[in-house]
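Trainee: Below are the C-alpha cells for one structure; questions will follow.
The values are calculated or read from the model by the stated rules, or taken from the named source; none is laboratory data. No experiment lies behind these values; they were computed from the predicted model shown. Cβ atoms come from the backbone with ideal geometry, glycine included; neighbour counts cover every protein chain shown. We work out accessible area using only protein heavy atoms, side chains counted, and drop any ligands, DNA or RNA first. Shrake-Rupley method; radii C 1.70, N 1.55, O 1.52, S 1.80 Å.
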Amino acid sequence: MKHIFTLGIEEEYQIIDPETRELRSHVSKIIEGGQAILKERIKSEMHQAVIEMETGICMTAREAGEEIKFLRKNLLQIAAAQGLAIGAAGTHPFSHWYDQDITENPRYAEIVNEMRDVARSNLIFGLHVHVGIPDRTEGLRLMNVVRYFLPHIYALSTNSPFWVGRNTGFKSYRSKVFDKFPRTGIPPYFGSVGEYDNFIDLLIKTNSIDNAKKIWWDVRLHPVYPTLEFRMCDIPMRLEETICIAALCQAVTAKVRKLHLNNLDFRGYRRALIAENKWRAARYGTEAMMIDFGQEKERPFNELIIELLEFIDDVVDELDCRKEVNYVHQILTDGTGADRQLSAFDKRNDLKDVVDLIISETAKGL
C-alpha cells in the first residue's frame, strides 16, 4: 500500500528580520544562496517575504520527515548567512501585507492584476500535502470522501491567531484571509471524472480561469501530478506536527481506498455541513465543539480525533506511520501552534515575543 500512497510535502516559510521581527522581502537572496545545496527544492512565492520548500516523492512519513528536517536545517543556515531568520506560522503576528513586495513573475502579475488587493493581502503561509493516487477516477472518489475529515486534520494545524497586530480571536485566521480568493474552501461533490472535467472546461471556456491550477480548494486532484493535494492547513511550527499531519492525510486516503476495495464506503455529507466544522476548527482549533453528523450532535474535538485514529488504525502499520500519527496525542497535550503563540503573548502582551517563539520552534529538533 505504501508504494501507491506516496507523500510529497510543501511548506511556506516567513522570512524575518531577527532584530525588528518584521517580515523582510528578501527571497531572491535566499534562493541565490540556497540553490547550490537545495536546487529545485527551494522556490519563491507571490510575496518576497515567503519562501517555499518542497520534498521529493517519499514512500513513508518517516522518509518525508527526514527530508523536511534536512530542508529546514539548511534553509535556516542559508538565511542566517544573510542575517535573516525563518519562521513557520500561518500568518505573521504584526507585519502588514501592504509593506511587502510582490515577486516579479508573469503569473503573479496576472493574479494581482485580476484580483488586486485580494491577491496583495494574501500574505499567508500554508502546508500542502500530496498523497499519491492510483488514477484520476479513484482519486475523485477519494476526494469526495476525505472532504469529511478535512476540518479535523486542519484543527491540528491551526497556527495563525494574529493578523496585522491584532488578536483575531481565531486559532487560524489564515483561512479567513484566503477565503477572499475564488474557488477556495471545501470542494463540491463530483459524480464522475467526466463531470469534474466538464466543470474545469467550462471555467476555462468562460475565461474564469486559464488552467486548473487556479482551483484552490482545501483538497483537489492535482492538475499535473497523480496526487490528491491537501491544501487546508496552516504551516505548523514544529517539524513533528507537519509530519503528523502529512501521515494523517496519507492514512485517511489509504483507509478510504481500502473501504472502496472492500465494496464499502463512508457516508457522504453536503459541502455546507462540512464547512460548518471547518469554521469551528478555524475559530477554536482543538478546543472546538465539532459536529458529529452521524449522531447529529456536538462533540468535543478530542473525542472525534481519537475516533479518527481508531478509523485509520488498520492501515497505519501498512504505511509504517504509526509513530507519526500518534504525535496527535502530543498536539493535544501541548496545544497547537496557535495555542502556544497566544500563551507567549499573554506573558507580556508583546508580539515580538510571539515572533521569537515562532523562530525558536521552527528550529526545534533540527
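Trainee: Just give me the residues in region 26-55 being within 22 Å of the chain's Cα centre (by Cα) and among the small types (Gly, Ala, Ser), in sequence order.
Mentor: Ser44, Ala49
Trainee: Against the condition among the β-branched types (Val, Ile, Thr), in contact (Cβ under 8 Å) with a residue 24 or more places away in the chain and farther than 19 Å from Lys364 by Cα, how does Ile78 come out, does it pass?
Mentor: no
Trainee: Let me confirm something: among Thr103, Thr184, Thr168, which residue is modelled with pLDDT of 95 or more, of a type in the set (S, T, N, Q) and either over 30 Å from Ile16 (Cβ atoms) or open to solvent by less than 30 Å² (accessible area, probe 1.4 Å) (or both)?
Mentor: Sole residue among the options that is modelled with pLDDT of 95 or more, of a type in the set (S, T, N, Q) and either over 30 Å from Ile16 (Cβ atoms) or open to solvent by less than 30 Å² (accessible area, probe 1.4 Å) (or both): Thr184.
Trainee: Please enumerate the residues belonging to region 117-157 that are in a helix (DSSP H, G or I), over 26 Å from Phe94 (Cα atoms) and among the aliphatic types (A, V, I, L, M).
Mentor: Selection gives Leu140, Leu142, Met143, Val145, Val146, Leu150, Ile153.
Trainee: Scan (1) modelled with pLDDT of 95 or more; (2) farther than 26 Å from Arg120 by Cα; (3) open to solvent by 10 Å² or more (accessible area, probe 1.4 Å) for the single condition Glu12 breaks and write down its number.
Mentor: Only one criterion in (1) modelled with pLDDT of 95 or more; (2) farther than 26 Å from Arg120 by Cα; (3) open to solvent by 10 Å² or more (accessible area, probe 1.4 Å) is unmet by Glu12, namely (2).
Trainee: So is Ala282 within 19 Å of Met232 (Cβ to Cβ), part of a helix (DSSP H, G or I) and either in contact (Cβ under 8 Å) with a residue 24 or more places away in the chain or open to solvent by 10 Å² or more (accessible area, probe 1.4 Å) (or both) or not?
Mentor: Yes, satisfied.
Trainee: Looking at (1) open to solvent by less than 10 Å² (accessible area, probe 1.4 Å); (2) touching a Leu at 6+ places or on another chain (Cβ under 9 Å); (3) β-branched (Val, Ile, Thr), which is the one condition that is false for Thr227?
Mentor: Thr227 satisfies every listed condition except (1).
Trainee: Name every residue in region 316-335 that is open to solvent by 50 Å² or more (accessible area, probe 1.4 Å) and acidic (Asp, Glu), in order of residue number.
Mentor: Answer for region 316-335, where residues must be open to solvent by 50 Å² or more (accessible area, probe 1.4 Å) and acidic (Asp, Glu): Asp317, Glu318, Asp320, Asp334.
Trainee: Would you confirm whether any residue within region 18-33 is closer than 29 Å to Gly132 by Cβ and among the polar types (S, T, N, Q)?
Mentor: no
Trainee: Go over the candidates Lys39, Lys73, Lys43, Lys29 one by one and state the one that is basic (Lys, Arg), open to solvent by 10 Å² or more (accessible area, probe 1.4 Å) and either in contact with a Phe, Trp or Tyr (Cβ under 7 Å, 6 or more places away or on another chain) or at pLDDT 95 or above (or both).
Mentor: Criteria check complete, one pass: Lys73.
Trainee: May I pose another question? Assess whether Ile68 counts as being out of contact with any Ser or Thr (no Cβ under 9 Å at 6 or more places or on another chain), open to solvent by less than 20 Å² (accessible area, probe 1.4 Å) and not acidic (Asp, Glu).
Mentor: No: the conditions fail for Ile68.
Trainee: Quick one: count up the residues across region 288-307 that are surrounded by fewer than 19 Cβ atoms within 10 Å (Cβ to Cβ), part of a helix (DSSP H, G or I) and either in contact (Cβ under 8 Å) with a residue 24 or more places away in the chain or not charged (D, E, K, R) (or both).
Mentor: Residues that pass the stated criteria total 2.
Trainee: Moving on to the next point. Every residue in region 144-154 that is buried (at least 24 other Cβ atoms within 10 Å of the Cβ) and either more than 28 Å from Gly335 (Cα to Cα) or out of contact with any Lys or Arg (no Cβ under 8 Å at 6 or more places or on another chain) (or both), please.
Mentor: The answer is Phe149, Ile153.
Trainee: Just give me the residues in region 195-209 being open to solvent by less than 40 Å² (accessible area, probe 1.4 Å) and more than 30 Å from Thr158 (Cβ to Cβ), in sequence order.
Mentor: Scanning region 195-209 gives Ile200, Leu203.
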